[in-house]
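Have a look at the structure below before the remarks.
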Amino acid sequence: MSFRMILMVAGVAIGGANLAHTLAKRQGEPAAPEPVKVASANMPAARMVALQADRRGHFATDLTINNQFVKALVDTGASVVAFSHEDAQKAGIHPKPGDYVIPVQTANGVVRAAKARIPELRLQGIVVRDVEATVMPPGALNITLLGMSFLKQLKSFEMNGNTLILKQ
């Protein structure tokens, strides 16, 4: 394989067909056609977020709720987004003491949580609206869990090695 051909292959791998096209033009060789770009006003651009597993294999991320950042763990075993009491307070979600009526099975037994609805939850470029959630009582949960009430509103989510890919 010639040096120019290696550059073209590397160009495709690194920068896509546009770089290979430019390299071919400079070398005086016929260029491959440029890729066709399709855009539609009716189809929003797909949003994708890739999360890396921590050393324990958990996927932690920052969420934005009511313009506040909340640290969360992605948890496909949680039916809904479950806020720790402290994170809910930080995000401006303030259930009354009488709202803690929903029995929730946790690793430490059954506790009573408060139902909540999140108008907009952001995870980097992904925005999900009208998300069902619960708020756990003080001390019942030390980090917010990003559960299925958020995940099921995505186009897809998949594991690829130590990476969790979320697509909207």
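Here are some notes:
- Annotation: the stretch 88-134 has a Kirkwood hydrodynamic radius of 12.1 angstrom, from the mean reciprocal C-alpha pair distance.
- Paramagnetic reach from THR163 (point 7 Å along Cα→Cβ, amide N under 16 Å) across the stretch 45-69: 47-54, 59-60
- Entry note, the stretch 65-162: relative contact order of 40 percent, from Cα contacts under 8 Å with a spacing of 6+ residues.
- Computed from backbone phi with θ = phi - 60° and the Karplus coefficients 6.51, -1.76 and 1.60, the 3J(HN,Hα) list for the stretch 145-155 is 10, 8, x, 5, 4, 8, 4, 6, 8, 7, 5 Hz; x is used for glycine and proline.
- Averaged over its residues, the stretch 50-115 has an accessible area of 60 Å² per residue, based on protein heavy atoms and a 1.4 Å probe.
- Calculated P(r) tail over 21 Å for the stretch 60-168, as whole % of Cα pairs: 30 percent
- Fraction of accessible area attributable to carbon and sulfur, the stretch 82-168 (%, probe 1.4 Å): 51 percent
- Amide hydrogen proximity for ALA78: with H placed 1.01 Å from N in the peptide plane, the residues at 5 or more positions away or on another chain lying under 5 Å are MET148.
The values are calculated or read from the model by the stated rules, or taken from the named source; none is laboratory data. All figures in this text were calculated on a predicted structure; none of them were measured in a lab. So basically every Cβ, Gly included, is an ideal-geometry build from the backbone, and we count neighbours across all protein chains shown. Protein only, heavy atoms only, side chains kept; ligands, DNA and RNA dropped before computing areas. Shrake-Rupley method; radii C 1.70, N 1.55, O 1.52, S 1.80 Å.
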